[in-house]
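**Student:** My structure is below; once you've seen it, I'll send some questions.
Only the coordinates and a few stated rules stand behind these numbers; no lab work does. Model, not experiment: these values are computed from the prediction. When we count neighbours, we look across all protein chains shown, and the Cβ atoms used for this are built from the backbone with ideal geometry, even at glycine.
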Amino acid sequence: MTPNLRGSLYMTASMAGFAAEDAFLKAASQAIPVGEAILIMGLIGIAVFAAMAMRAGDPPIPRAMFTGTMALRSGFEITGRLFYALAIALTPISVASAILQATPLVVVLGAAVIFGETVGLKRWLLILLGFLGVLIILRPGLDGFSALSLLALIAMLGFAGRDLATRAAPPALSNAQLGVTGFIMLALSGAIITAVTGKATLPNPQTLGLIVGAATFGIAAYAALTTAMRSGEIAVVTPFRYTRLLFAMVLGVTVFGERPDAATLTGAAIIVACGVIILGQNRRRG
């Protein structure tokens, strides 16, 4: 198995895991407040990744965590996780996932503005076309517009900022240590939502099982994503991120009875096509 094939398979598995995590979280949030669900999920993830770090002989929270870069990364991470959790709970999972697919486009834009990377006219046009795809899904000013869709848009910007900040993160941090940080941010997101709403209830065994399922798939997906990004060429592996949209739409239709309309499908297709073309250009230039 070549590194690129290995990375592509792990990326696909990771996206399937994240889609399943979203489905479990959405199901759990129908029984208990979403803030409480993601708080419990975050605590489970912290415990698992902390155990992994200590087993490897590393401190779960090293000094390298307390830098300006990591603080910025954490701020973007908590924004992404907070608003995406709300989007998953309050909007169709297919719509939230479709909007999230614009993240790589924003990362390309940020790399040009922040890091001075060269972006040609064709890629600028593809970025603008990708944002048009987002607008088609959001439908601002039209009868089909839902203000709740802005939750996924804010989440997408948060995740893009996190990805850009990760480029400057201390390389000494292990995958497990980054996992601890990520799930701390998830737990904080849940705590913030719970504090604002003031709602909490004792989950029954079935609901607790859903939360454990979400955490299990989330942890496995994170581990697979890390392996994917370290297994092959980024320009080859990254396009497989878009398989998440396919998995999310299948779960949305089969589990939650969602029916993505023509605007959602059209906008999603535009976003994915633009992202794949941009990444394909990066591969040829590399």
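**Student:** Would you please list the contacts, defined by Cβ atoms under 7 Å and residues six or more apart or on different chains, that run from a residue in region 46-65 that is assigned to a loop (DSSP other than H, G, I, E, B) to a residue that is exposed (fewer than 15 other Cβ atoms within 10 Å of the Cβ)?
**Tutor:** Cβ pairs passing all conditions: Pro60/Met54.
**Student:** Sticking with this structure for a sec: If I ask for residues that are in contact with a Leu (Cβ under 6 Å, 6 or more places away or on another chain) and under 11 Å from Met156 (Cα atoms), which ones from region 66-97 would you list? Walk me through it before giving the result.
**Tutor:** If we filter region 66-97 for residues that are in contact with a Leu (Cβ under 6 Å, 6 or more places away or on another chain), which is where we start, we get 78, 81, 83, 86-88, 90-91, 97.
Once the filter is applied, which keeps residues that are in contact with a Leu (Cβ under 6 Å, 6 or more places away or on another chain) and under 11 Å from Met156 (Cα atoms), region 66-97 yields Arg81, Phe83, Ala87, Ser97.
**Student:** Going by the structure shown, is Ala13 over 14 Å from Leu225 (Cα atoms) and of a type outside the set (Lys, Arg)?
**Tutor:** Working: over 14 Å from Leu225 (Cα atoms): no; of a type outside the set (Lys, Arg): yes.
No, not satisfied.
**Student:** Being of a type in the set (Lys, Arg) and either in contact with a Ser or Thr (Cβ under 7 Å, 6 or more places away or on another chain) or under 18 Å from Gln30 (Cβ atoms) (or both) is the filter here, so list the residues in region 243-276 that pass it. Spell out how you get there, then give the answer.
**Tutor:** Quick first cut of region 243-276, residues of a type in the set (Lys, Arg) only: 244, 259.
Within region 243-276, Arg244 is the sole residue that qualifies.
**Student:** Which numbered condition trips up Ala112, out of (1) in a helix (DSSP H, G or I); (2) buried (at least 18 other Cβ atoms within 10 Å of the Cβ)?
**Tutor:** (2)
**Student:** Quick one: in region 192-218, which of the residues that are of a type in the set (Ser, Thr, Tyr) and part of a helix (DSSP H, G or I) is nearest to the chain's Cα centre (by Cα)?
**Tutor:** Narrowing region 192-218 to residues of a type in the set (Ser, Thr, Tyr): 194, 197, 201, 207, 216.
Of the ones still in play, those that are also part of a helix (DSSP H, G or I) are 194, 197, 207, 216.
On the way: Thr194: 21, Thr197: 24, Thr207: 23, Thr216: 16 Å.
It comes out as Thr216.
**Student:** Among the numbered criteria (1) among the charged types (D, E, K, R); (2) without any contact (Cβ under 8 Å) to a residue 24 or more places away in the chain; (3) within 18 Å of Ala85 (Cβ to Cβ), which one does Lys199 miss?
**Tutor:** All conditions pass for Lys199, except number (2).
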